[in-house]
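Any read-out appearing in this document is the output of simple, stated calculations on the displayed coordinates, not a laboratory observation. What you see is a predicted model; the values in this text were computed from it and never measured. Using ideal geometry, Cβ is built from the backbone for each residue, glycine included, and neighbour counts are taken over all protein chains shown.
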Amino acid sequence: MHAPEKSPTRVAVYCGSSNGNDPAFLADAKALGTAIAVAGMGLVYGGASIGLMGAVADAALAGGAEVIGVLPEILSGSEIAHTGLTRLEAVGTMHERKARMAKLADAFLVLPGGYGTLDEFMEIITWAQLRLHAKPCVLINTAGYWDGLLKFLDRAVEEGFLKEKNRDLLKVAESPAEAVMMVTA
């Protein structure tokens, strides 16, 4: 197991490729990108120019942060690739994307999203449970978006499918600023 020895220099952000219906989602994506830049950290994310993904990247770039996108080749031809990044890496598969993002990042932050966001988040928290990494994992619960998932995880503990110590690997922040504080403290 490898523990970070200093404050994160890069954070991976998992989030939706759409804006969602609540304006708070987009506002928090922009606020997170700004907070990452203000903290002097870099951003690693999925490489898209659209949705919350594009908003967090644009805000981080506007704040002067290094922004690295990791995009699977299957998506690179769909005109969603962000062309203004510090670096855009193309990888062969979604599995390679997740592994590359995990390697580049010192912490993981999660904004609202759908299946892809959940997939990336669940894999990285599972890796923490297996002690494959000791990097902070923080869910940003914008407008209570993740309340149902958090309730489910508590139920998994109650029913004996998830150990309390592993449930505690997941930290929850109510705002982007709080999430950035949690990984820089």
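A few points about this structure:
- Electrostatic tally near MET101: other residues with Cβ closer than 11 Å to its Cβ, Lys and Arg +1, Asp and Glu -1, net +1.
- Taking 22 Å as the limit for the C-alpha separation, the pairs LYS103/LYS163; LYS98/LYS135; LYS135/LYS171; LYS103/LYS151; LYS151/LYS171 exceed it in the case of LYS103/LYS163; LYS103/LYS151.
- Bridge type composition, the chain - antiparallel percent by DSSP, nearest 5: 5
- Burial order of peptide ranges 12-22, 110-120, 151-161, 26-36 (average beta-carbon count within 10 Å, highest first): 26-36, 12-22, 110-120, 151-161
- Under 15 Å, Cβ to Cβ, from LEU162 - net charge with Lys/Arg +1 and Asp/Glu -1: 0
- Surrounding net charge for ALA31, when Lys and Arg each add one and Asp and Glu each subtract one, Cβ distance under 15 Å: -4
- Potential lengthening between VAL38 and THR9 on full extension [0.36 nm per residue; Cα-Cα distance subtracted]: 9.2 nm
- Charge dipole of segment 10-184 about the Cα centre (unit charges at C-beta), most positive-ward option of LEU109, ILE50, ALA24: LEU109
- Relative contact order, whole percent, for segment 68-122 stands at 33, derived from Cα pairs under 8 Å and 6 or more residues apart.
- Mean Cα-pair separation over length for the chain, i.e. relative contact order, pairs under 8 Å, 6 or more apart, %: 25
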